[in-house]
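Colleague: Here it is, the structure in full.
The values are calculated or read from the model by the stated rules, or taken from the named source; none is laboratory data. All of these numbers come straight from a predicted model, not from anything done at the bench. Ideal geometry is used to build each Cβ from the backbone, glycine not excepted, and the neighbour counts take in all protein chains shown. These area figures cover heavy atoms from the full protein model, side chains too; ligands, DNA and RNA do not enter into them. Shrake-Rupley method; radii C 1.70, N 1.55, O 1.52, S 1.80 Å.
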Amino acid sequence: MNIDRNAPVGVFDSGIGGLTVAREIMRNLPSEKIVYFGDTARVPYGSKSRETVIRYSRQIIHFLQEQKVKAIVVACNTASAFALDAVKDELDIPILGVIEAGARVAAQETRNKRVGIIGTVGTVGSGIHASYLRELDPEITVIGKACPLFVPLVEEGWYHDPVTEEVARRYLKELQEQEIDTLILGCTHYPLLRSTIRKIMGEEVCLVNPAYETALELKKLLSRLDLASNEAAQEEFPYRFYVSDLAEKFKDFANSILPYNVEKTQKIDIEKY
């Protein structure tokens, strides 16, 4: 496997949520370059069928391969749930999703073996976190709750708004009643609501942020395969951003959450791939 270790890492998501994963990669793997693709024309994936999500993911992977990436992070829980296994064997570069790392940490952290998972309708409905967690520890009970309104609230920038808190209280009430001690933030938008979720669930519930855990997983994977970049990301533009629509809106959101100033976001026709 002859892969250039100084090539960028490809990161993709159905839209802007995966930027929380890109942010953790920037913080924890500062010498890695990133090519990010957000499928802003076809978001959300959470309500789409498995076949559609697999088709979209294949198109995006072809685009990222053209960008000569050395590894791919599927920074979307729905695409990780539906497409990862389908595409894994078609690739000659490593690919990882955002579900396994979060599930592993949750299994380690839980004391009463009651783990909650919040995510999109697609992610929660797929039952994928539950099956991973049961493999890791058959005694774990998993309580899933879809929170479809969280994504639009985050995209409005309403992280600390009374409306968001009210919606969160209604969604999370069920999980509070189920006495979970660990909660997986199973959608890449949700880390941005972490303080609101923390306020409602209380200090004693461990919140698992899969974006952070996935960045650490990537770090381990690259060093194991001897693919960690050995040059500082000193290029003028170490991070490149592509979208399928709404480039300006994407850029504004990216600049509100990333530790890096995004000057340009390029729109491409993903249907060509």
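Colleague: If the chain between E204 and S47 were fully stretched, how many nm would it gain, using 0.36 nm times the residue separation less the Cα-Cα distance? Please list the in-between numbers first.
Modeller: On the way: separation 157, 0.36 × 157 = 56.52 nm, distance 3.21 nm.
Extra length from E204 to S47 when fully extended: 53.3 nm.
Colleague: Can you work out the Karplus-derived ³J(HN,Hα) for every residue in region 76-89? Use 6.51 cos²θ - 1.76 cosθ + 1.60 with θ = phi - 60°, whole Hz, and x for glycine or proline.
Modeller: Karplus values, whole Hz, x for Gly and Pro: 9, 5, 5, 5, 5, 5, 8, 10, 4, 5, 5, 9, 3, 6.
Colleague: With a 1.4 Å probe and all protein chains kept in place, how do H62, H189, H160 rank by accessible area, largest first?
Modeller: On the way: H62 90, H189 10, H160 140 Å².
Descending order: H160, H62, H189.
Colleague: If you roll a 1.4 Å probe over the heavy atoms of the protein chains, what accessible area per residue do you get for the chain, in Å²?
Modeller: Values: 12110 Å² over 273 residues.
Each residue of the chain exposes 44 Å² on average to a 1.4 Å probe.
Colleague: If ligands, DNA and RNA are left out, what is the accessible area of K267 with a 1.4 Å probe, given in Å² to the nearest 10?
Modeller: Accessible surface of K267 is approximately 120 Å².
Colleague: Keeping all protein chains in position, work out how much accessible area L149 exposes to a 1.4 Å probe, and write it in Å² to the nearest 10.
Modeller: Counting only protein heavy atoms, the figure is 90 Å².
Colleague: Taking the structure as given and computing semi-axes √(5λ) of the Cα gyration tensor in Å, which label from (1) 37, 24, 18; (2) 42, 36, 25; (3) 29, 21, 18 fits?
Modeller: Recomputing semi-axes √(5λ) of the Cα gyration tensor in Å here gives the entry labelled (3).
Colleague: Could you tell me the center-to-center distance, by alpha carbons, between region 171-242 and region 1-59 in angstrom?
Modeller: Here the answer is 14 Å between Cα centres.
Colleague: Listed highest first by mean packing, meaning other Cβ atoms within 10 Å per residue, what order do 94-100, 202-208 come in?
Modeller: Values: 94-100: 22.9, 202-208: 14.4.
Result, highest mean Cβ count within 10 Å first: 94-100, 202-208.
Colleague: Determine the gain in length on full extension of the stretch E156-N6; use 0.36 nm per residue of separation and subtract their C-alpha separation, reporting nm with one decimal.
Modeller: 50.4 nm
Colleague: At Q178 and R111, where each label point lies 7 Å from the Cα along Cα→Cβ, what is the point-to-point distance in nanometres?
Modeller: So the label points at Q178 and R111 sit 2.1 nm apart.
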